[in-house]
Every structure is written in structure tokens, then in C-alpha cells.
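All of the numbers you see were taken from the coordinates with simple rules; none came from a lab. None of the values given here were measured: they were computed from a predicted structure. Neighbour counts are summed over all protein chains in view; Cβ atoms, including those assigned to glycine, are modelled from backbone coordinates with ideal geometry.
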Amino acid sequence: MPKPQKSVSDRLHLQADVLVLGGGPSAAWAAVAAAESGAKVVLADKGYLGTSGATAPSNTGTWCVPPGDNRHAVVERRWQRTGELADPRWMLRCVDTAYRNLLRLSEWGYPFPSEDDGRLYIANLRGPDYMRFMRRRVLLAGVTVLDHHPALELLSDGDAIVGAAGVVRQIGQDWRVDANAVVLATGGCAFRERILGATGLTGDGYLMAAEAGASLSGMEFTGKYTLAPYGSSLNKGLPFRWASFHREDGSPILGPTGEPLRNGIGDREEEVARALIVGPVYARLDQAEPALQGWLRQGQPNCFVPYDRAGIDPFSELFRITLRAEGTVRGTGGINIVSDDCATGVPGLYVAGDAASREMMTGAVSGGGAVNSSWALASGWWAGKGASTHAQRRTGKAFRSAVQSLGQAGLHPASSASADISAGEVIEAVRSEVTPLDKNFFRTGEGLEKSGERLESVWRDVRDHLQGEGLDRVRTREAASIAAAGRWSVAAALHRTESRGMHRRTDLPGKSPAFAHRLVITGVDAFRIAGAPERLAELAS
Amino acid sequence: MIEIVSATRCVECDICVKVCPANVFDATDNGVPVIARHEDCQTCFLCEIYCPTDALYVAEFAEGPTGITEAQADARQLFGSYARGLGWKRGKAGGSEFDPTHRIRVAQ
């Protein structure tokens, strides 16, 4: 049983050069990069470094583009699919750094599979193995790892971010780490959808960053959903590449050409979504040849757990499916990056992985597993190096005694705390606006306005009255983060009066040249939305 | 969601308490870990593969309990089945070098 909360004087208090918040791949790479630069690093995660985040329970491809003349052409082809919002320069530097880190993994001895000619195949990472391996590398690099240490708020000395504070959730004790730089690698926001590895991704870093003065961008791009067996957590689309889809009465779901749909992923999710709004949909993986069936089973064992446990043969029997909402995890929104070292514009605050906006990489379309995985490999590295450089510049500055805690909503309500508002109710209220297919996969101005009004009302309650004590603060902060993320997402979606990528306005189909730019949101309670500057500033040195 | 901690298989190492990213389990003073926060389980199946004795069973339904019993899961040889699928053994990683996913990507 958790022990009662100790007094503040008993709290765990550490000092570091760099504090990394998060426990997924970008957190691990940031910690390794900072430690290799000579920084004293503490990594604090809500869960456990090795199992936390969307990667650990998955099997993910990477966007692996070896060096050579072909690289520019590959990047150019990919850019064409990003709704004109990605930045080829960032895409190129990402594939370069990601490739180097994949080679680093092989040098370290990560057990990659071999191709038929005996060469290692480094373009795929099996989540449980990869993250367990990364935990060992992080520990070998001398990083202090604090598992089950959710962060609740950032600390500032008035000029810069100088650490974070939270609670040790298996003990109930408070913790505080003073650091010369902080990397937010806390993942995206899946609005507490019950999907593989993402239920704990509640956008905590977004709220912490915004409270510190950082901006967000791409928050309107939360319209990505992935197929899963009904009621399961397996939001992995790959097997549905070889599936047929049927309504309750057995009639096939047709693709855009009028032929029965035989591939349910990518753009074809749209036909399935339309059918799911009307009634239950069933699938069968009957387009997979026997050899492929074997590879799918052996290569994607997690995808078959639901079928095997429910006693279904998915290759020959129909089974009910659903589309799972994925928020910004497979969407693209997040904290806005202002320079090549993954700085946020707030001194001392850096961002990596899905906590950051991935619009420079993948624009208005989902980066899926592959681009996001390479982004974690690269952005983690840059943020770790950037934070370490910043920390070195600050070395010698004594920590000021007047450290300010920046956390507000869910921790320190603007008005009196009220027992009438619970974290669970807040989360459900937000979910009912940002996860239904008929509100968020297909959007309308009218629908978004209604959702926006409801979310404003939810946010006012959160801001004014939601407060937790002790360990409950973890849940109230999660609820506040989800409420903030949902509100930003709907506001940005309403602002973008066009359709682009996963932002599908049925009342405004087609792209508008007036919106061929990113939308940047600044502020928590009163926020403003502005078009992003055409070019991100180069790293000032 | 996590449904079974098998008292007959469990060796009380409390690894599940440590590795569960959602902090679902609590260790106990004199017995097997308990499922203390069932509602927080995200059905990621990772506790199963980290368990050195295949003592945990996570059912396929992510929204609530299915009510499967230890005897039923045992009869269908479901304990440890995901670990076997991956090639993990006794809580140790293994099998990623035999992952044929690159063949699927070519077919895709």
C-alpha cells in the first residue's frame, strides 16, 4: 500500500545538469546524448523506462534512408504527401541523424534481424526489445533513472527553466530536480483512448510547456485513427492492408472505385470510418497469402493476441473492428520547436519525440510509426545535445533561491477547489468531443463550434476548481492536460477553414492556398492562434 | 486488461510492480502482487513478457474484465503465449533477430 505523503522537507531533492522527462525512445536518446556530452543527467518518467510510451508494446518500422544521392529524391517524394506543411531541410537532417543512431544501435549490439544476403535489416525496431535495450544503454551512460516519478510542473527562476517537481507515485513522496536544462519527452496526447502504450500519454508536457510560455503547433491534426479488433487495444493497421470489410448484413464495403475494399489502411480508412458511423463493421484478413499469414503471425505477434485469446481465426472468420482515436500520438501536433537544437523558445526548455510538433517532418498527414520513430531517434539526440550545451553555458550560476513553480490547472485552481468536479468526468467530457468519428474524423464548422463551446466550459471548470491532493494530483494534472489539448485542438481545427491531410472539413473540402502554413498557438487560458513564420530560425550560436 | 495473477505460478519477485507503465499492481507484505488499479491497465501485455514464470494473464478486451478464470486460461495454454510468440523466455528478451517483418514490408 502507498505510504502517506511525507512532509515537504522529506522530499527527494536532486541536482542535475539536464533533466529529461519521459520514458519512451526520445527520452532515452536525449538522456544518452546529454550524458555523452558530459552532462550529469536525471531521467524521470511517469511509468517505467523500457515499457512506457507507444513504442514499447509495438513493432515499428523506421524511416530509414541510407546516405547517397537517392536520399534527396526519397525525401522529395515523401514531402509531396505532407500537405505542403513539412520542411525538406528538417526531413533530410532527421533521416541523417536517425540513420546514424540506427547504426549506433547495431554497433552497440542490438539484435537486428538479417536479410537473405546476411546484411542486418536496421529499418525495423521491435518495441519491447528496443526499449529494454535502450534502458540498459541509458543506465550504462551513467544516467540516474527515476521510474514512476510523474512530473507535475516545471520550475523557473524567472529567466529560465531550472527543473521540475512531481510525485513518487509508489511512495507518495514529492520529488524535485534542479537542473540547468529540461527536455520534455513526455509523448503526445491520446485523450486516454485505450490503445497500446498510449493510455498514459495525456499531453502532460504540452500543458507544462505552455505554462512556461512555449507555443504549440499542428494541434488541429488530431484526425488520425487506426483500425483495431473491436474493444481491443491493438491499434496496428498493418494486417488490415490485406483485409476485406463488411457490414452487419454481410454486404462488402466498397472503395472509391466501387470495387470491394481490400486494403483498409492509409487513405482507405475514410471508407471504413464512414461505414462505422452508420453501424458495426466486420473484417477478415482474407487477402493475405499463406506465406504472408506466417510472416504476419511471427512478425506481428502482438496483433494476433486479441484473436488468439478470443478464439478467432482472423484469416478465415469475420471479426468486428473499430477505429481507435490516436490524438496527437499518430497525429502531428505538439510543442513548437524554434531552432535546430529542439529548443522551445523558453530558455532551458527543450522538446523531443511526440511531445514536439512533427509538422516539419510530416505536415498534415500522419507520420505513422516509421516517421515518428525516426523523429524520436533524431529529435531525442538533438534535444539532449541542445540541453547539455545550454546547461554548460549556465554552469557556475548558483541556483537562485527564488524558484517559482509554474503549474496551474489541476494543481492550483484559479478559484476555490471544488469536489463537484472530478478528473474522470473531465476526461470523459473532453473525449466525447474529440474522439467520435462523426465529430473529429469528419469535421464541420458547426460541429467544431459546438465542441469548442463545450470544451471552453470544461476548461473553465478545470481552471477554476479542479485540484488534487497527494497522489491524486497525477490524475488531476492529466485531466487538465487533456482538457487543454482538446481545447487547443478544436480551436485550431475551427481556425483552419479548409481541408488538409487528416483535417477533414466536410463543409470545406479541398486545400486553400491561404492555409499553406502552420498554425501556432500561444497561451494557456487566453491563447492566440497565428500563422507560423515561413522559415524556422537557424540555431543561433 | 490484466485479469489473472496466478498464485500457483508467481514467485513474488514483484517485477510486474516495477515494470508496469501504468502502475496497476501493488506489492504485498506476504504474498503475490495484487491488481490494485485495474481501471488503469492499458492492455499493453508487457507485464506478461517481463514475468519470469508466466504467471500473469492479460485478456484481449481493453474496456473491462472478461471474467476468464485461471483454469480456462490454463486449459487453452494462454499463460505465456505472447512471450512465446515473441521469443522471450523467463522474462528475458529474445527473438528479435528472427523477426520477419521486413518481408511484410516488401509485400506491402
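Taking square-rooted eigenvalues a ≥ b ≥ c of the alpha carbon gyration tensor, is the range A:157-219 rounded, prolate or oblate, where a/c under 1.5 means rounded and, failing that, a/b exceeding b/c means prolate? Verdict is oblate for the range A:157-219. Shape verdict for the range B:69-108, please, from the Cα gyration tensor: rounded (a/c under 1.5), prolate (a/b greater than b/c) or oblate. Oblate is the answer for the range B:69-108, as a/c is 1.5 or above yet b/c matches or exceeds a/b.
So what is the relative contact order of chain B, in percent, for Cα pairs below 8 Å that sit 6 or more residues apart? The partial results should precede the final answer.
On the way: 163 pairs, mean separation 29.8, N = 108.
The value is 28 percent.
The ranking of A:L276, A:L184, A:L254 by Cβ neighbour count inside 10 Å, starting from the fewest, reads A:L254, A:L276, A:L184. Quick one: of the DSSP bridges fully inside the protein assembly as shown, what percent are antiparallel, nearest 5? Bridges in the protein assembly as shown are about 70 percent antiparallel.
Going from the residue with the fewest nearby Cβ atoms within 10 Å to the one with the most, A:D116, A:D157, A:D129, A:D438 rank A:D116, A:D438, A:D157, A:D129.
Multiply the residue gap between A:K450 and A:D117 by 0.36 nm, knock off their C-alpha separation, and tell me the result in nm, one decimal place.
Numbers: separation 333, 0.36 × 333 = 119.88 nm, distance 5.78 nm.
Length gained, A:K450 through A:D117: 114.1 nm.
Apply the Karplus curve 6.51 cos²θ - 1.76 cosθ + 1.60, θ = phi - 60°, to the phi angles in the range A:456-470 and return the couplings in whole Hz, x for Gly and Pro. Each residue's phi maps through the Karplus curve to give 4, 5, 4, 4, 4, 5, 4, 4, 7, 10, 7, 8, x, 10, x Hz.
For the range A:204-241, backbone nitrogen atoms closer than 20 Å to the point 7 Å from A:T257 Cα along Cα-to-C-beta are found at A:240-241.
Take every Cα pair under 8 Å in the range A:423-531 that's 6+ residues apart, average their separations, divide by the length, and report that relative contact order as a whole percent.
Values: 117 pairs, mean separation 30.7, N = 109.
Relative contact order here is 28 percent.
Shape summary of the protein assembly as shown, radius of gyration then Dmax from alpha carbon positions: 23.2, 72 Å.
Nearest 0.05, what FRET efficiency do B:A75 and B:V11 give at R0 = 25 Å with Cβ-Cβ as r? The formula returns an efficiency of 0.65 here. FRET efficiency for the pair A:S418 and B:D26, taken as 1/(1 + (r/R0)^6) with r the Cβ-Cβ distance and R0 = 30 Å, rounds to 0.50. Quick one: grab the alpha carbon gyration tensor of the range A:14-56, order the square roots of its eigenvalues as a ≥ b ≥ c, and give me rounded if a/c is under 1.5, else prolate or oblate depending on whether a/b is larger than b/c. Here the range A:14-56 falls in the oblate category. Per-residue Cβ neighbour counts within 10 Å put A:F315, A:F112, A:F527 in the sequence A:F527, A:F315, A:F112, beginning with the fewest. Return the distance in nm (one decimal) between the two label points of a simple spin-label model at A:R247 and A:E84, each offset 7 Å from Cα along Cα→Cβ. The two pseudo-label positions are separated by 3.7 nm. Remark: the range A:316-322, residue by residue, has Karplus-estimated 3J(HN,Hα) of 10, 10, 6, 9, 6, 10, 9 Hz, where x stands for each Gly or Pro and the curve is 6.51 cos²θ - 1.76 cosθ + 1.60 at θ = phi - 60°.
Here is how the number arises for chain A: DSSP H runs of 4 or more residues each give -39500 (n - 2.57), the sum is divided by the residue count, and the result at 222 nm is -11000 deg cm²/dmol. Computed on chain A, with alpha-carbon pairs under 8 angstrom and 6+ residues apart, the relative contact order is 21 percent. Here each label is just a point 7 Å from Cα along the line to Cβ, and for A:D69 and B:R84 those points are 5.3 nm apart.
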